[in-house]
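Encoded as structure tokens, the structure appears first; notes follow it.
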Amino acid sequence: PVTFIPDLLYAGGRFRPGLALVCDAEGRVAFVARVEEVPEETRAVRLRNRAMLPGMVNAHSHAFQRVIRGRTEYRSPAASDSFWTWREMMYSAATRLEVEEIYDASRMAFLEMAASGISAQIIVQPLSAPRPEAPGARCSR
């Protein structure tokens, strides 16, 4: 087990000094304790000059778009460019992706989110139905 001891821990709707985050052997948060009440059997990790807060929630993500970054985000000389012309280009690029490419792009997007402090997300994948030969592939409309 490990205990993280930051200078400030976000609990009860505000940042508080003197609190520690105690995790179990699997790395899951077990409880919040006062620093002086930290169990002796845990390994203490002191996080000086740091604040600790819960992971953020990404309430709307399109993970597949990670693989098409930079392919549709430009403006042409046409004065008629709009959100709708971008959307057409984006879906044109996205529908050419194979199921495995969407899977790989999504994994990378999830890793980037986790590294940025996002611990939960709602994924939106408005693409066409998967190929029947892709085992385990699922799609909702």
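The values are calculated or read from the model by the stated rules, or taken from the named source; none is laboratory data. For clarity, every value in this text was computed on a predicted model and none was experimentally measured. No Cβ is skipped: glycine too gets one built from the backbone with ideal geometry, and neighbour counts run over all protein chains shown. Side chains included, ligands, DNA and RNA excluded: accessible areas come from the protein's heavy atoms. Shrake-Rupley method; radii C 1.70, N 1.55, O 1.52, S 1.80 Å.
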* Structure fact -> Residue hits (segment 29-66; of a type in the set (D, E, K, R) and modelled with pLDDT of 90 or more) are Arg34, Glu36, Glu37, Glu41, Arg43, Arg46, Arg48, Arg50
* Asked: Where residues in segment 45-60 are in contact with a helix residue (DSSP H, G or I) (Cβ under 9 Å, 6 or more places away or on another chain) and closer than 16 Å to Val29 by Cα, which of them is least open to solvent (accessible area, probe 1.4 Å)?
  -> Gly55
* Structure fact -> Cβ pairs under 7 Å, 6+ apart or interchain, first in segment 91-119 and over 16 Å from Ser61 (Cα atoms) and among the aliphatic types (A, V, I, L, M), second part of a helix (DSSP H, G or I) and open to solvent by 40 Å² or more (accessible area, probe 1.4 Å), ordered by first then second residue, are Leu97/Val67
* To do: Of the numbered conditions (1) at pLDDT below 95; (2) of a type in the set (Lys, Arg); (3) surrounded by 13 or more Cβ atoms within 10 Å (Cβ to Cβ), Arg16 fails exactly one; give the number of that condition.
  => (1)
* Only residues that are open to solvent by 70 Å² or more (accessible area, probe 1.4 Å) and assigned to a helix (DSSP H, G or I): list them for segment 90-124, please. => Glu100, Glu101, Tyr103, Asp104, Arg107, Met108, Phe110, Leu111, Ala115
